[in-house]
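K.L.:
This is the structure I have questions about; it appears just below.
The values are calculated or read from the model by the stated rules, or taken from the named source; none is laboratory data. Since the structure is predicted, the reported quantities are computational estimates derived from the model, not experimental observations. Positions of Cβ are generated from backbone atoms using ideal geometry, with glycine treated the same way; all protein chains shown enter the neighbour counts. Accessible surface is based on the protein model in full, side chains and every heavy atom, while ligands, DNA and RNA are left aside. Shrake-Rupley method; radii C 1.70, N 1.55, O 1.52, S 1.80 Å.
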Amino acid sequence: MSIIIKKKDGGFQFKSETELENFVYIHLDKLINLSPIARQYRIGTEICDALATDERKRLTIIELKNAEDRYIVQQLTRYYHGLIERKPKLDGIDYQKPVKLIAIAPSFHTHNFVDKVYNKLDFEFFTFDLTVSQSTGDIFFELTNADTKKKHIVQIPEIKRSKVAKGLEAVKAEINYDEMIDYYMRLSYSSKLGLDPLSPEQLRDRSIKYTTKCTKEFKINIQFIKKSETTQKSVSVKLPAKIRVADFLQWCDRYINGGIEGRGYKHRYVHKTRAGVFRIRLWFYDVQYYAIN
């Protein structure tokens, strides 16, 4: 997996929080002995960075920050409330066992530790740093438990520094656009769309091909029409600028399923707003089950 980092204050930093999430999620087993379950998981109005389990099937809720955040304890507490209240059916979780909440950030504010002391939930803080080997120049991700000071170190194997490497565009030209759209939709919007999230193996194999910069916005308005009721859902997504509207519609045809009978929807309507957002309306009729929850 290729990770984008940048120089800052004489050292290195992940270019974005997404880059940090990409790296930590696929290395959870090596870093803190956890098995990843879901990423960017929506529960009510909240979106959890990552969910995982330990060897005892305990649910672990993980929040990652690329900078210090004094409200991270409150954020994790809300995630805990939503998950315990709804208890979504996710593989490998035993809700009878206590839940662990993990915060990962480069540093923690004094308020974070005060909030942790007086919170009854099981919190664990980890700080991280990107260190450089003086002999080889390799860059390592160093994770430290804020309480025990135990360190976990993993090398960052493939790194893009600042601008995209030369020759990468030639690689991108060979990419299947349907596959690219599917990657981004499952990476960031799987919980919103009821899709299976990417596995750690898929992240390793596919993310090296793609840029993380997404600037083209699509807003999908979905209407489910039945004899007894009509329900609606709206989902906003961002994809790389090179994705064409026709490519995205083709992906919708394949993966957004309206019902058992017909795999396509009855009809659709597309227009571009003044703000440059592509608004797509999909209508489903006589729906017996939804692919979008």
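K.L.:
Would you say T60 is of a type in the set (S, T, Y), more than 21 Å from Y189 (Cα to Cα) and in contact with a Leu (Cβ under 7 Å, 6 or more places away or on another chain)? Spell out how you get there, then give the answer.
P.N.:
Values: of a type in the set (S, T, Y): yes; more than 21 Å from Y189 (Cα to Cα): no; in contact with a Leu (Cβ under 7 Å, 6 or more places away or on another chain): yes.
The answer is no for T60.
K.L.:
What residue, among those in segment 183-232 that are farther than 17 Å from E21 by Cβ and assigned to a loop (DSSP other than H, G, I, E, B), is modelled with the highest pLDDT?
P.N.:
In this case the residue turns out to be T215.
K.L.:
Please work out which one of (1) modelled with pLDDT of 80 or more; (2) more than 15 Å from H27 (Cβ to Cβ) is the condition K172 fails and give its number.
P.N.:
Going through the list (1) modelled with pLDDT of 80 or more; (2) more than 15 Å from H27 (Cβ to Cβ), K172 breaks only (1).
K.L.:
Could you run through segment 17-44 and say how many residues are touching a Ser or Thr at 6+ places or on another chain (Cβ under 7 Å) and within 17 Å of P106 (Cβ to Cβ)?
P.N.:
3
K.L.:
Here's a follow-up. Inside segment 120-151, can you point out the residues that are modelled with pLDDT of 90 or more, in a loop (DSSP other than H, G, I, E, B), of a type outside the set (S, T, Y) and open to solvent by 40 Å² or more (accessible area, probe 1.4 Å)?
P.N.:
K120, L121, D147, K149, K150
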